[in-house]
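Peer 1: Can you keep this structure in mind? I'll have questions shortly.
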Amino acid sequence: MIPADLEALALADAIGALDVDEQRDLHARIAALPADVQGQIGRLYDITLSLSENIPDVAPSISLKQRVMARIGAPARFTITADEGDWNDSGVPGLRVKVLSVDRVRGLVTMLIRGEAGAVYPAHRHTAPEECYVIRGTVLVDGRVLGPGDFHHADADSDHGELATPSGAEVLIVGGIADYLPHA
């Protein structure tokens with residue numbers, strides 16, 4: 001099965017939408033895949049090219065182009081209600097995460113973390129500033145017990161010891177994408 005991100009990139013490449021560096025990176029990633037997946041991607045290119053040859057070029061109307069360009073340049077806004085979004089396994093036993101927002105320009109992610117009683121987040125180093133606000137429960141940070149309404153900040157390049165939640169907790173985190181979503 002073709003990974004979704006590679007499928008989108010291959011489709012963009014097939015229609016000539018990637019620059020030279022993006023093409024080089026894509027082709028290197030494809031070369032590292034198993035032969036059967038490379039074959040699937042090759043067929044995807046063939047189908048895309050075949051379809052594109054049979055579709056006439058049609059320029060969008062000026063008003064459509066203006067609306068699309070205005071939308072692209074408009075600042076984004078969105079809302080996630082408490083019952084929306086997915087809670088996912090964090091890779092750390094007893095901790096689940098719900099990503100609320102990813103800011104690739106600043107390299108930050110905003111997310112909720114829920115910890116079961118006794119969960120421990122391992123010692124780590126921050127690649128970006130991190131801000132933590134305790135919503136419920138308790139979190140042990142630097143020898144202090146933080147509870148609802150308490151806040152903790154750590155600068156970029158700072159080291160953190162283990163973080164623990166003796167009773168369980170939910171916290172709001174704004175921190176480095178590389179720290180929390182290394183594969184994003």
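Throughout, read-outs are computed from the coordinates displayed, never taken from laboratory work. In this text the structure is predicted, and so the values were computed from the model without any measurement. All Cβ positions, glycine included, derive from the backbone under ideal geometry; neighbour counts span all protein chains shown.
Peer 1: Which semi-axes, in whole Å and largest first, does the equivalent ellipsoid of the stretch 22-151 have when worked out from the alpha carbon gyration tensor as the square roots of 5 times its eigenvalues?
Peer 2: Taking √(5λ) for each eigenvalue gives 43, 24, 14 Å, largest first.
Peer 1: What is the magnitude of the charge dipole of the stretch 57-184 about its Cα centre, with +1 placed on the Cβ of each Lys and Arg, -1 on the Cβ of each Asp and Glu, and no other charges, expressed in debye to the nearest 20? Can you show the working numbers first?
Peer 2: Numbers: 12 positive and 17 negative charges, 131 e Å.
Rounded to the nearest 20 debye, it is 640 debye.
Peer 1: Also, quick follow-up: What does the charge count around L18 come to, taking other residues whose C-beta lies under 11 Å from its C-beta (Lys +1, Arg +1, Asp -1, Glu -1)?
Peer 2: Taking every Cβ under 11 Å from that of L18, the sum is -4.
Peer 1: Right, here's the next one. What is the distance, in nm, between label points placed 7 Å from the Cα along the Cα-to-Cβ direction at D142 and at S61?
Peer 2: 6.0
Peer 1: OK, next. Can you put D155, D25 in order of Cβ neighbours within 10 angstrom, beginning with the fewest?
Peer 2: D155, D25
Peer 1: So, R0 is 35 Å and r is the distance between the beta-carbons of D159 and D103; what FRET efficiency does that work out to, to 0.05?
Peer 2: Values: r = 24 Å, r/R0 = 0.68.
Approximately 0.90, to the nearest 0.05.
Peer 1: Taking chymotrypsin sites (Phe, Trp or Tyr not before Pro) that fall in a DSSP loop and have at most 13 other Cβ atoms within 10 Å as cut points, what is the longest piece of the chain between them?
Peer 2: Result, exposed sites excluded: 88-184.
Peer 1: Can you run the Rg to Rh ratio on the stretch 88-180? Use alpha carbon positions and the Kirkwood inverse-distance Rh. Write down the numbers at each step before the final one.
Peer 2: Numbers: Rg = 12.1 Å, Rh = 13.0 Å.
My calculation puts Rg/Rh at 0.93.
Peer 1: Output the 0 to 90 degree angle, nearest 10, between the alpha-carbon long axis of helix 62-73 and the longest principal axis computed from the alpha carbons of the chain.
Peer 2: In the chain, helix 62-73 runs at an angle near 30 degrees to the longest axis.
Peer 1: After finding the eigenvalues of the alpha carbon gyration tensor for the stretch 4-58, what semi-axes result from the square roots of 5 times each, listed largest first in whole Å?
Peer 2: Output for the stretch 4-58: semi-axes of 21, 14, 7 Å.
Peer 1: Would you please name the GluC sites (Glu not before Pro) within the stretch 109-165 that are DSSP coil residues with at most 10 other C-beta atoms within 10 Å of their C-beta?
Peer 2: none
Peer 1: Which one, L9, W87, V20, is farthest towards the positive end of the dipole of the stretch 1-118 when Lys and Arg carry +1 and Asp and Glu -1 on their Cβ?
Peer 2: Checking the options against the dipole of the stretch 1-118, the answer is W87.
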